[in-house]
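Before any comments, here is the structure.
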Amino acid sequence: MNFEQIVPSMPYILQGIWVTLQIILIAGLLGFAIGIILSLFKIGRIPFLRWFADGYTSIFRGTPLVLQLMIIYYASPQLFGVQIEAYTAAILSFGLNSAAYISEIIRAGIQAVDKGQREAAMALGVPYNKMMKDVILPQAMKNILPALMNEFITLTKESAIVTVIGVTDIMRRAYIVGSDKFSFLEPLLFAGLIYYLMVLVLTFAGKWVEGRMRRSD
């Protein structure tokens, strides 16, 4: 191995960190927002909404993420009559996929909250929406924070598949450098190191936030 040959190209690969972070942050927020809605559908009393949420989760958890990405990107002209940009397709596919997993995490967190909390709120005449927003969800979030961080870490690693549609993230840039140098091992190992360090940072950040929330109890 000769890492000296890719030293001039390292800044180019590092620029992909910003692209990767943009995708995972926006997709993560999108998935979290949709996940909350789906989780409320699942525990709600309207059968159609429960069936919709369960069907959504079944489809997105039961098919490969790369398939969902390629359908949104390559089939968009047939589906919508326009070509969705690769960057937008990546955010949509990751966000919609992540929502399916997050909805199950939040649903489990809500159902793990002591039923007495809900009964007390109902006895005091607290409206359902206000009860969920101010009483149930805050407690559920504390319980599910580790699982949410694991989902975000998984999203960070899976973001590398956007290279199949040409998004110039870390992985794509490493591949371009490898093609230019006729040597793929060194740039790919460098990309792997970047992903590993990103995951470490997220892991320590998650533990720090979890510790702060635990001390605030």
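One residue alone among I84, I71 is outside any helix (DSSP H, G or I), of a type outside the set (S, T, Y), surrounded by 15 or more Cβ atoms within 10 Å (Cβ to Cβ) and modelled with pLDDT under 95, and that residue is I84.
Does L30 satisfy being in contact with a Phe, Trp or Tyr (Cβ under 7 Å, 6 or more places away or on another chain) and among the hydrophobic types (A, V, I, L, M, F, W, C)? Spelling it out, it is not the case that L30 is in contact with a Phe, Trp or Tyr (Cβ under 7 Å, 6 or more places away or on another chain) and among the hydrophobic types (A, V, I, L, M, F, W, C).
Filtered by the rule that a residue be touching a helix residue (DSSP H, G or I) at 6+ places or on another chain (Cβ under 8 Å) and either more than 29 Å from I165 (Cα to Cα) or assigned to a helix (DSSP H, G or I) (or both), region 3-20 gives F3, Q5, I6, S9, M10, Y12, I13, L14, G16, I17, V19, T20.
Against the list (1) within 26 Å of L145 (Cβ to Cβ); (2) of a type outside the set (D, E); (3) in contact with a Gly (Cβ under 9 Å, 6 or more places away or on another chain), the condition A108 fails is (3).
Of the helices (runs of 4 or more DSSP H) entirely within region 107-207, those holding at least 2 residues that are hydrophobic (A, V, I, L, M, F, W, C), free of Cβ contacts under 8 Å to residues at least 12 places away in the same chain and surrounded by fewer than 19 Cβ atoms within 10 Å (Cβ to Cβ) occupy 115-123. Residues in region 100-119 that are over 19 Å from G62 (Cα atoms) and among the polar types (S, T, N, Q) were compared, and the one that is modelled with the lowest pLDDT is Q117.
On the given criteria, is S58 in a helix (DSSP H, G or I), buried (at least 20 other Cβ atoms within 10 Å of the Cβ) and hydroxyl-bearing (S, T, Y)? Criteria not met by S58.
The values are calculated or read from the model by the stated rules, or taken from the named source; none is laboratory data. Bear in mind the structure is a predicted one, so any value in this text is a computation, not a measurement. Positions of Cβ are backbone-derived with ideal geometry, glycine not excepted, and every protein chain shown enters the neighbour counts.
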